[in-house]
Amino acid sequence: MPGFTPFTAPAFVLDEDDVDTDIIFPARFLLHTERKGLGRFAFHDRPALLEAYEAADKPPVLLAGANFGCGSSREHAVWSLDGMGLTAVFAPSFGEIFRGNCANNGMVAGMMEPATLAALQALAKTGNDLSIDLAAQTVTCAGQEFAFTVPDSDREMLLAGWNNTTRILALHGQDITAFEKAQRSAAPWLWTEETEA
Amino acid sequence: MRDVMTSQSAPKTLYDRLWDAHTVVRGDAGKDLIYIDRHLLHEVSTPQSFELLRDNALTVRRPVTQLAVPDHAVPTSERGGAIKGELARKQVALLEANCAEFGIEYLALEGERQGIVHVISPEQGFTMPGISLVCGDSHTATHGAFGALAFGIGASECGTVMATQTLWQARNRNLRVHYAGQLQPHVTTKDMILALIGTIGAGGGIGHAIEFTGEAVRAASIEARMTLCNMGIEAGSRVALVAPDETTFAWLKGRPRAPQGAMWDQAVAWWRTLRSDDDAVFDRTVEIDAAAIAPQVTFGTSPDQVMAVDGTVPAGPARALDYMGLEAGKPIAGIGIDYAFIGSCTNSRIEDLRAAAGIIRGRHVAEGVTAMVVPGSTVTKHQAEAEGLDKVFEAAGFAWHHAGCSLCVAMNGDFVPEGKRSISTSNRNFEGRQGAGARTHLASPAMVAAAAIAGRIVDVRKEFA
Ligand code: SF4
């Protein structure tokens, strides 16, 4: 995954709270087992929203309402947002599993104070571009700066473009082995099906 | 588990205790590397997880800590022979093939142990107190009913868990939800959790691990505690816990994968320490009077849009009322229903089926209502059949299905048609959750059974006293 680089682009406003992952990616499309090309299912049952997004020329930034991405753990929600052309979402709060899924897919999910977000939404609606700087955790729009937060560890990962899995193995393989050894003696009932290596 | 050795520490909550016992590395960027003891897999959230393994030439670190079962995509009206839907058939076949390739145990659709992940895992004793358990499914908090650190994760994280047996996770704050007093007859833990979500909101628990305490929780059976923890995510909390006690140990003893003999005694000794210290500090506490809870029913399209069945529909949100076809100010009781669904990982266990059967015995589903029961597991289905519950349901006009997620997620052939109104024991009343344009009211098994008989939403306490 390539690391994040600052960019400037217009934003789309979805001013509605509790937009859940069933709205973002309706469950009946979960039968698809790939992760590419899922953009065609994003907000499938919200045709008016999709029309407005198209009419706005598919901006890559979404300014959403509180608790965005609540509900199911389906990573398809993030893959489909990515597939429809989004690279960053800002909201007052996020469903937590969704937020973690964003970080694992190079999608910026930035938390903004409700008042900050409201001011930014007003500027975005009148066609102003947003400049997104993840390292500084700021959005600049119409000469004003708007603060957002991405958890430290997610930010590091997004900026560096790390692969979480291989990085854990490379940096902490020995820590994990040591933990397992200690657990095997403290809680042997969790290890009855494995013989000691 | 290290905790056993260090008794001289600051007071801890149950959540802190579980977290500390599973911390491999304390991170300096707000997250700790947490050891994962058990991982449940289903067909929908894992295809891309296995891709992650293949793309990076990784293997599964401890295959025996993984257990896979098809549940979301499987048809429930018939079983045996190939799955008719091509995409579903391929998805289930892919899970089986992936498990074979990576050495993970797969519980076949036709087997006795199949069912919804969150129902079969406790049934098998795969879920235990004190463990950390994850699944690519947001309702994984269900297992917190045993005092396990259990939470839902995304598909990428499923891959990480398989390869490393760990995850970087942010430690949550502690939220104590205390239910004083005892429930009225016909009021259940489903009503308790809905009442909480209505109180704190769908995002009210974000960043918090919930521990449920109080008389009504201690009095609850394990099945009822699972219902309670199951919907923590509907309040925004990934983790929901009940401290294990004698009820827990009695329920688990003798289950196929539970510890045995001396190991059992050793495990129980540790499990008894899994509680919040009396002087533990919670970041937040919510007190709810259990005796004052009326049967709950949702009126909107978010689980926090919920009300007592004897109340009137609130003034908004307009979008939700419009979608649901409801009018503000009118009583919710009396609203006619088209579908009644008893099932899902929230309410499909044997006690749920018994409660519903108790209501409908000797009665018949109202004309025009499609009613169905979908047991959470094949084990539950067979137990219910041994008790004659299937006959009770069928005599009343309910369809008796095979185990699976069914109408909870409507991606498996079961769905509510557009514009139709359903009352459901599941956990999400989102727009389109039970089918595009379907309207969903969440309620307890007793309330759903009562509505199926009456053909409208009714107060089970009054009509079936
Ligand atoms: S029953 Fe519903 S909520 Fe539970 S695992 Fe299945 S789809 Fe998810």
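The values are calculated or read from the model by the stated rules, or taken from the named source; none is laboratory data. Bear in mind that the values here come from a model prediction, so they are computed numbers and not experimental data. Neighbour counts are summed over all protein chains in view; Cβ atoms, including those assigned to glycine, are modelled from backbone coordinates with ideal geometry. In case anyone asks, the SASA skips ligands and DNA or RNA and just uses the protein heavy atoms, side chains included. Shrake-Rupley method; radii C 1.70, N 1.55, O 1.52, S 1.80 Å.
What to note about this one:
- Candidates in the range A:61-83 are the residues that are closer than 18 Å to A:M1 by Cα and not aromatic (F, W, Y); of these, the one that is nearest to the other protein chains (Cβ to nearest Cβ) is A:E75.
- One residue alone among B:A57, B:A10 is assigned to a loop (DSSP other than H, G, I, E, B) and closer than 28 Å to B:T273 by Cβ, and that residue is B:A10.
- Candidates B:Q184, B:Q169 - the one that is farther than 29 Å from B:P375 by Cβ and either crowded, with 24+ Cβ neighbours inside 10 Å or more than 9 Å from chain A (Cβ to nearest Cβ) (or both): B:Q169
- Per-region count, the range B:273-315, residues open to solvent by 70 Å² or more (accessible area, probe 1.4 Å), closer than 30 Å to A:S185 by Cα and within 24 Å of the chain's Cα centre (by Cα): 1
- Qualifying positions in the range A:136-178 - of a type in the set (S, T, N, Q), open to solvent by less than 60 Å² (accessible area, probe 1.4 Å), more than 10 Å from chain B (Cβ to nearest Cβ) and within 17 Å of the chain's Cα centre (by Cα): A:Q137, A:T138
- Helices (runs of 4 or more DSSP H) within the range A:111-197 that include 2 or more residues of a type in the set (D, E): A:152-160, A:164-186
- Options A:N105, A:N101; residue that is assigned to a loop (DSSP other than H, G, I, E, B) and either in contact (Cβ under 8 Å) with a residue 24 or more places away in the chain or under 21 Å from A:L14 (Cβ atoms) (or both): A:N105
- Residue in the range B:128-151 that is closer than 22 Å to A:M157 by Cβ and assigned to a loop (DSSP other than H, G, I, E, B) present: yes
- In the range B:62-81, the residues that are charged (D, E, K, R) form Cβ pairs under 7 Å with partners that are outside any loop (DSSP other than H, G, I, E, B) and open to solvent by less than 40 Å² (accessible area, probe 1.4 Å), at six or more places apart or across chains, as follows: B:D71/B:G115; B:D71/B:V117.
- Reported count of residues in the range B:362-378, each being farther than 11 Å from B:F398 by Cα, crowded, with 24+ Cβ neighbours inside 10 Å and not small (G, A, S), is 1.
Here is a yes/no grid of residues against (1) more than 10 Å from chain B (Cβ to nearest Cβ); (2) out of contact with any Cys (no Cβ under 8 Å at 6 or more places or on another chain); (3) not in a helix (DSSP H, G or I):
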| position | (1), (2), (3) |
| --- | --- |
| A:V13 | yes, yes, yes |
| A:D18 | no, no, yes |
| A:D22 | no, yes, no |
| A:R28 | no, yes, no |
| A:T33 | no, yes, yes |
| A:G39 | yes, yes, no |
| A:D45 | no, yes, yes |
| A:L49 | yes, yes, no |
| A:E54 | yes, yes, no |
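- Within the range B:123-135, residues that are open to solvent by 10 Å² or more (accessible area, probe 1.4 Å) have Cβ atoms under 9 Å from residues that are part of a strand (DSSP E or B) in these pairs: B:E123/B:G115; B:E123/B:S377; B:Q124/B:L67, counting only partners at least 6 apart in sequence or on another chain.
- Filter result (outside any loop (DSSP other than H, G, I, E, B) and either within 12 Å of chain A (Cβ to nearest Cβ) or within 15 Å of the ligand (Cβ to nearest atom) (or both)) within the range B:229-249: B:C229, B:N230, B:M231, B:G232, B:I233, B:E234, B:A235, B:V239, B:A240
- Highlighted here are the strands (runs of 3 or more DSSP E) found entirely within the range B:325-401 that include at least 3 residues which are within 16 Å of the ligand (Cβ to nearest atom): B:339-342.
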